Structures are given as C-alpha cells and as structure tokens.
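A.B. asks: Have a look at the structure that comes next, please.
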Amino acid sequence: MDFQRTNGHSVTHLTAHIVWVTKYRYPVLSGDIKVRCRTLLIQICEAEDVQILKGVVSKDHIHIEYRPSQDISSIVKLMKGRSSRKLQMEFP
C-alpha cells in the first residue's frame with residue numbers, strides 16, 4: 001500500500017470515489033466556476049483532514065481517503081453543502 005493512516009492500535013486505508021451531478025445534469029461546472037469549485041473542495045478536505053488521492057479534483061468526481069472515525073455520508077454532505085452554498089453566493 002502506498003499510504004496508510006496509523007494510530008496506536010490500528011492501520012487503516014479507507015478510500016472513496018465520490019461523484020456528483022448538477023440539477024438536471026446542466027453543464028454549469030466549467031470555466032471560472034470549475035476552478036472555484038476545485039479550490040473550495042481542496043479547502044474543505046484540508047479542514048476535515050480528508051486526503052485527496054492522485055492530486056486531482058475533476059469537475060464531477062473526486063478520489064479521497066478518510067479516517068475511520070468519519071463516515072462517508074457526512075463527508076459528502078459537508079463537501080456538497082459548503083461548496084454549493086459558496087458557489088451560489090459567488091456566481092448567482
């Protein structure tokens with residue numbers, strides 16, 4: 001394995017492939033919105049101690065690694081909720 005998270009009694013390697021789409025699959029994640037979405041997702045992952053794998057944030061998916069104390073549903077909720085709110089405020 002290339003990277004493992006360790007603590008006193010365990011070694012973990014939990015990964016996820018998260019895909020999202022816009023309402024009615026409109027192609028709005030392009031140009032400045034795509035760049036801002038990427039920076040927001042990187043900031044959210046750093047704040048929540050979630051590691052982005054492969055160093056890439058695509059316009060419609062992301063590969064992450066997370067701690068065992070976190071559940072994937074709350075990570076997705078944070079990423080989608082925070083990024084959506086910020087993008088709607090900045091790009092009405």
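The values are calculated or read from the model by the stated rules, or taken from the named source; none is laboratory data. No experiment lies behind these values; they were computed from the predicted model shown. FYI the Cβ positions are ideal-geometry reconstructions off the backbone, even for glycines, and counts take in every protein chain you see. Ligands, DNA and RNA are excluded from the accessible area calculation, which covers all protein heavy atoms including side chains. Shrake-Rupley method; radii C 1.70, N 1.55, O 1.52, S 1.80 Å.
A.B. asks: Kindly list the number of the only condition in (1) touching a Ser or Thr at 6+ places or on another chain (Cβ under 9 Å); (2) open to solvent by less than 70 Å² (accessible area, probe 1.4 Å) that fails for residue 59.
C.D. replies: Answer for residue 59: the failing condition is (2).
A.B. asks: Still on this structure, please answer the following. Report, by residue number, each residue of the stretch 1-27 that is open to solvent by less than 70 Å² (accessible area, probe 1.4 Å) and either in contact (Cβ under 8 Å) with a residue 60 or more places away in the chain or out of contact with any strand residue (DSSP E or B) (no Cβ under 6 Å at 6 or more places or on another chain) (or both).
C.D. replies: 5, 10, 13, 18, 20, 22
A.B. asks: What's the number of the condition residue 24 fails, among (1) on the phi < 0 side of the Ramachandran plot; (2) modelled with pLDDT of 85 or more?
C.D. replies: Here residue 24 clears every test but (1).
A.B. asks: Between a first residue in the stretch 43-71 that is without any contact (Cβ under 8 Å) to a residue 24 or more places away in the chain and a second residue that is outside any helix (DSSP H, G or I) and among the basic types (Lys, Arg), which pairs have beta carbons less than 9 Å apart while being 6 or more apart in sequence or on different chains?
C.D. replies: Final answer for the pair search is 49/67.
A.B. asks: Here's something else I'd like to know. When the residues of the stretch 28-37 are filtered to those that are touching a residue at least 12 places away in the same chain (Cβ under 8 Å) and within 20 Å of residue 50 (Cα to Cα), which remaining residue is farthest from the chain's Cα centre (by Cα)?
C.D. replies: Going through the qualifying residues, I end up with 36.
A.B. asks: Which ones in the stretch 14-27 are in a loop (DSSP other than H, G, I, E, B), aromatic (Phe, Trp, Tyr) and more than 17 Å from the chain's Cα centre (by Cα)?
C.D. replies: Once the filter is applied, which keeps residues that are in a loop (DSSP other than H, G, I, E, B), aromatic (Phe, Trp, Tyr) and more than 17 Å from the chain's Cα centre (by Cα), the stretch 14-27 yields only 26.
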